[in-house]
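So the structure is just underneath, and the comments pick up after that.
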Amino acid sequence: MTLRRGIAAAVALIAVTVALLLLGLEPMFALSGGALAAAVALLAVLRGAEAVVEDGPQADEDLTIRGTEISRLAWAFNPRTGVAGEIVSRRVRALLRRRIARQGIDVDDPSQAGRLDEILGTGLWQRINGRQVQNIDIRRALDAADRLASAPAGSPEQTSTSQSPIRKQERA
């Protein structure tokens, strides 16, 4: 119990005891009412307090080692099935959403689906939003994001006009 909590309980004891004495209660009844008020005040103060154990082993937060963001993203790919994990899909969707919004296209508007397919490629946005996103779709989405980054705002580029270094390596 800290000093502040003890002072709060003592103040409640004295204040309630004096108030009850002024109302005409006998001193023992006034003191018992004050003790009850002090207990309630002490419990109210303790209710919000955290339990602190100082003699137990302390875990240093500096020693907690989490993998870097790049390693977590790398582990999110399954090379056996060719499926990208949810963390990768979510990051790529967010990146594409920002870059497409710069072009003035709302990906949630069904009337702009034609323009979306024109920029990204036919059906790529739907595949990226699917349940199991394939690695090749992630590559295509990142290629489209690179093209959108270099394109001036408001001018969509065709997907067939440029090829990424990844696709050039795949062909060789």
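Here are a few things to note about the model shown:
- Sub-6 Å Cβ pairs linking a first residue in the range 1-20 that is touching a residue at least 40 places away in the same chain (Cβ under 8 Å) to a second residue that is surrounded by 14 or more Cβ atoms within 10 Å (Cβ to Cβ), at least 6 apart or interchain, are Arg5/Val45, ordered by first then second residue.
- Failed condition for Glu157, given (1) among the acidic types (Asp, Glu); (2) modelled with pLDDT under 50; (3) within 27 Å of the chain's Cα centre (by Cα): (3)
- Among (1) closer than 30 Å to Leu142 by Cα; (2) modelled with pLDDT of 90 or more - the single one Phe77 does not satisfy: (2)
- Residue within the range 93-113 that is touching a residue at least 40 places away in the same chain (Cβ under 8 Å), small (Gly, Ala, Ser) and under 24 Å from Ser150 (Cβ atoms) present: yes
- If only residues of the range 12-34 that are touching a Gly at 6+ places or on another chain (Cβ under 8 Å) and either among the hydroxyl-bearing types (Ser, Thr, Tyr) or more than 22 Å from Val45 (Cβ to Cβ) (or both) are counted, the one that is surrounded by the most Cβ atoms within 10 Å (Cβ to Cβ) is Thr17.
- Filter result (among the charged types (D, E, K, R) and under 29 Å from Pro79 (Cβ atoms)) within the range 118-147: Arg127, Arg131, Asp137, Arg139, Arg140, Asp143, Asp146, Arg147
- Qualifying residue in the range 53-61 (condition: among the polar types (S, T, N, Q), at pLDDT below 80 and farther than 30 Å from Leu148 by Cα): yes
The values are calculated or read from the model by the stated rules, or taken from the named source; none is laboratory data. The structure presented is a predicted model; accordingly, all values stated were derived computationally and were not measured. No Cβ is skipped: glycine too gets one built from the backbone with ideal geometry, and neighbour counts run over all protein chains shown.
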